[in-house]
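To keep things clear, I will list the structure first and then write my remarks on it.
The values are calculated or read from the model by the stated rules, or taken from the named source; none is laboratory data. What you are looking at is a predicted structure, and each value in this text was computed from that prediction instead of being measured. Here Cβ is always computed from backbone atoms with ideal geometry, including for glycine, and neighbour counts include all displayed protein chains. All accessible areas refer to the heavy atoms of the entire protein, side chains included, with ligands and DNA or RNA removed. Shrake-Rupley method; radii C 1.70, N 1.55, O 1.52, S 1.80 Å.
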Amino acid sequence: MEIHFLQVKFYSIGVYLDPEVVGHLQQWKGQPAKELEGKDDFFDALIAAPVEKVIRLVVIKEIKGAQYGVQIETAVRDRLAADDKYEEEEEEALEKVVEFFQSKYFKKHSVITYHFPANSQTAEIVVSLEGKEDSKYVVENANVVETIKKWYLGGSSAVSPSTISSLATILSEELSK
């Protein structure tokens, strides 16, 4: 019996960081990208750096908002539960995020943007659908916001190994200047 697993990518991920982030990562100066990729403490420092971060997802394969909402709910809830931070407040905040995505339908080229302002424990989610006005939602629960960052930027536990590899490569280059 042969079992094959097929990973289907629904979106591409772009990460935009304030250039000041390099100043918060100096302890890794001169380390090659391959080494940085495996250092979760490096990515923890990146997440914790008090600089503006934007994560932009561009849909490449159509997906229902409800499907995406379940993905993010499961990933965030499981990580919060593992860290013993999943309480009633986190559950409510996560339910509101799922509700925000519920009625949406992401066609190819739709955009989901997560904006994490510097020195803030909030995240603004903006959805841009073709022919429709942008819709926005602000997540105010600090644990949920932190966990969303970890889902996309969290080193070995992040959703996209290729995103982590790209970040390590670019930040390694910036740190060697």
Open item on the list: Which residue is farthest from the chain's Cα centre (by Cα), if the candidates are limited to the range 59-88 and must be buried (at least 17 other Cβ atoms within 10 Å of the Cβ) and assigned to a strand (DSSP E or B)?
Closed with: ILE63
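Using the structure shown, decide if THR122 is of a type in the set (S, T, N, Q), over 19 Å from ASP41 (Cα atoms) and open to solvent by less than 60 Å² (accessible area, probe 1.4 Å). Don't jump to the end; show me each part of the working.
On the way: of a type in the set (S, T, N, Q): yes; over 19 Å from ASP41 (Cα atoms): yes; open to solvent by less than 60 Å² (accessible area, probe 1.4 Å): yes.
Yes, satisfied.
Residues being in contact (Cβ under 8 Å) with a residue 40 or more places away in the chain, farther than 17 Å from SER156 by Cα and open to solvent by less than 70 Å² (accessible area, probe 1.4 Å): count how many of those fall in the range 44-58.
Step one: filter the range 44-58 for residues in contact (Cβ under 8 Å) with a residue 40 or more places away in the chain, giving 44, 46-47, 50-58.
Subsequent filtering for residues that are farther than 17 Å from SER156 by Cα retains 50-58.
Next, from what is left, pick out any that are open to solvent by less than 70 Å² (accessible area, probe 1.4 Å): 50-51, 53-55, 57-58.
Selection size over the range 44-58: 7.
Per-residue answers, yes or no, for (1) over 13 Å from LEU36 (Cβ atoms); (2) of a type in the set (Val, Ile, Thr); (3) open to solvent by less than 20 Å² (accessible area, probe 1.4 Å); (4) part of a helix (DSSP H, G or I):
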site: VAL159; (1), (2), (3), (4): yes, yes, no, no
site: SER165; (1), (2), (3), (4): no, no, no, yes
site: ILE170; (1), (2), (3), (4): no, yes, no, yes
site: LYS177; (1), (2), (3), (4): yes, no, no, no
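Please count how many residues of the range 127-144 are open to solvent by 60 Å² or more (accessible area, probe 1.4 Å) and free of Cβ contacts under 8 Å to residues at least 24 places away in the same chain. Steps first, please.
Initially, the range 127-144 is screened for residues open to solvent by 60 Å² or more (accessible area, probe 1.4 Å), giving 130-134, 136, 138, 140.
Right, trim to free of Cβ contacts under 8 Å to residues at least 24 places away in the same chain and you get 130-134, 136, 138.
Number satisfying all stated conditions: 7.
One line per residue, one yes/no per condition, for (1) assigned to a helix (DSSP H, G or I); (2) in contact (Cβ under 8 Å) with a residue 40 or more places away in the chain; (3) farther than 30 Å from GLU20 by Cβ:
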site: VAL97; (1), (2), (3): yes, yes, no
site: TYR114; (1), (2), (3): no, yes, no
site: SER120; (1), (2), (3): no, no, no
site: ILE125; (1), (2), (3): no, no, no
site: GLU146; (1), (2), (3): yes, yes, no
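Output the residue which, of all residues in the range 27-43 that are open to solvent by 80 Å² or more (accessible area, probe 1.4 Å) and part of a helix (DSSP H, G or I), is nearest to THR113 (Cα to Cα). Even if it seems obvious, please write down each step before you answer.
So the first thing to find is which residues in the range 27-43 are open to solvent by 80 Å² or more (accessible area, probe 1.4 Å), and the list is 27, 29, 34-35, 41.
Narrowing further to those that are part of a helix (DSSP H, G or I): 27, 34-35, 41.
Values: GLN27: 30, LYS34: 28, GLU35: 29, ASP41: 25 Å.
By that ranking, first place goes to ASP41.
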Open item on the list: Going residue by residue through the range 11-26, is there one that turns out to be at pLDDT below 95 and more than 27 Å from GLU92 (Cα to Cα)?
Closed with: yes
Open item on the list: For TYR105, only one of the following conditions fails: (1) of a type outside the set (D, E, K, R); (2) more than 16 Å from TYR137 (Cβ to Cβ); (3) open to solvent by less than 80 Å² (accessible area, probe 1.4 Å). What is its number?
Closed with: (3)
- [ ] Scan (1) closer than 28 Å to GLU37 by Cα; (2) touching a Phe, Trp or Tyr at 6+ places or on another chain (Cβ under 9 Å) for the single condition TYR137 breaks and write down its number.
- [x] (1)
